[in-house]
Every structure is written in structure tokens, then in C-alpha cells.
1. Which residues, taken from segment 22-45, are in a loop (DSSP other than H, G, I, E, B), within 19 Å of T111 (Cβ to Cβ) and of a type outside the set (D, E)?
2. For segment 33-48, which positions are away from the ligand (no atom under 16 Å from the Cβ) and closer than 22 Å to A65 by Cβ?
3. Taking only segment 16-31 into account, find how many residues are modelled with pLDDT of 90 or more and within 16 Å of L146 (Cβ to Cβ).
4. Sort out which residues of segment 68-116 are in a loop (DSSP other than H, G, I, E, B), of a type in the set (A, V, I, L, M, F, W, C) and surrounded by fewer than 16 Cβ atoms within 10 Å (Cβ to Cβ), and write them in order of number.
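The values are calculated or read from the model by the stated rules, or taken from the named source; none is laboratory data. No experiment lies behind these values; they were computed from the predicted model shown. Because the Cβ atoms are built from the backbone with ideal geometry, glycine has one as well, and the counts that use them run over all protein chains shown.
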Amino acid sequence: MKTPKNVETHVWRGGIPLESRYTAGLGGQIFFQALKERGELVGTRCAACKQVYVPARAFCERCFAELTEEVKVSPEGTLVSFTFSAYDRDANRLAEPVALALVKLDGATTTMLHRLLRVTSPEQVRIGARVKVVLKPKAKRTGSILDIEGFQLA
Ligand SMILES: [Zn+2]
């Protein structure tokens, strides 16, 4: 689109102060509270289709049933997939690549993504490997996904 010749183009530059608050929702609250207070991994089970969601959800993503049954799952699981990233989320190159793991915890039917700790190259990892959750000490937990430091190879 062409700008008409008799119209000046003005640009104002500046920032808009915005603050937002994202709630974890009903399912997230169950998960993060158990994680912070008891160091447990809690999901919800769908009575209709038997899915066990970890982290917990309020509704089944497959059959839309309300999920009211809480299930504590194991801190151990199986590595379903992994990748390495050499960049942070702002596209800045990292000093060292980070490993990310997709893990199905024992007792869950869904997978969870988090860091894979103490691994520096793909040769050290194989799909199907057993992994274990590493939690922050209780005094340092805040009720966030970062209360989990990551997974480590078992
Ligand atoms: Zn379901």
C-alpha cells in the first residue's frame, strides 16, 4: 500500500508497561502444590478413558471428561525422546548446549518435558533409557516447574 503524498508518517517509540499473571489452573495447582510441599509428582486419571495426565489436568484432552481422581506417579520413568539446544529462547548462543528430555513417568500415560542433567552429548543418551526426577531441596521450592531441576539418567 502506498502512502499518499500529502500525509506525513509519524512514529512514536516507547514502551507500554504490562504485567500479567498466568494461573496454573485447577490441575496445575494440584501438581505444583504437591511438588512444592511434598516433593511428589501428582497427576489426574480419566475414569472414562484411563489416561493419566502428569502434570495434573482438570479435563481430559481426549474425551473431555472432568478429571477428579488424583494419582501420585513415580519419580522414575522412561526417556521417550531428547534433543540438544545450542541457543536460549532469545536465540543467543549458549556457552554449552543444553539437553532436553521427553519422559514418560512410571504410572503416567502422558509425557513431560524438562532438562536432562549431566549430559553433554547425544552419544551419552539413548531413547528408552531409565531416568529419574531431580528435585530442588524443599526450602528452595516455590511451586513452579523449576522446582524440578530436571531428569538424570538412572
Ligand atoms: Zn478421557
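1. Of segment 22-45, the ones in a loop (DSSP other than H, G, I, E, B) are 22-24, 39-40.
If we keep only those that are within 19 Å of T111 (Cβ to Cβ) as well, we get 24, 40.
Within segment 22-45, A24 is the sole residue that qualifies.
2. Applying the first criterion (away from the ligand (no atom under 16 Å from the Cβ)) to segment 33-48 yields 33-42.
Hits for segment 33-48 are A34, L41, V42.
3. So the answer is 2.
4. So the first thing to find is which residues in segment 68-116 are in a loop (DSSP other than H, G, I, E, B), and the list is 68, 74-75, 88-92, 106-111.
Those still in the list that are of a type in the set (A, V, I, L, M, F, W, C) too: 91, 108.
Answer for segment 68-116, where residues must be in a loop (DSSP other than H, G, I, E, B), of a type in the set (A, V, I, L, M, F, W, C) and surrounded by fewer than 16 Cβ atoms within 10 Å (Cβ to Cβ): just A91.
Conditions tested, residue by residue: (1) within 16 Å of the ligand (Cβ to nearest atom); (2) farther than 24 Å from L35 by Cα.
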residue	(1), (2)
R57	yes, no
E69	yes, no
T78	no, no
A95	no, yes
V98	no, no
H114	no, no
Q124	no, yes
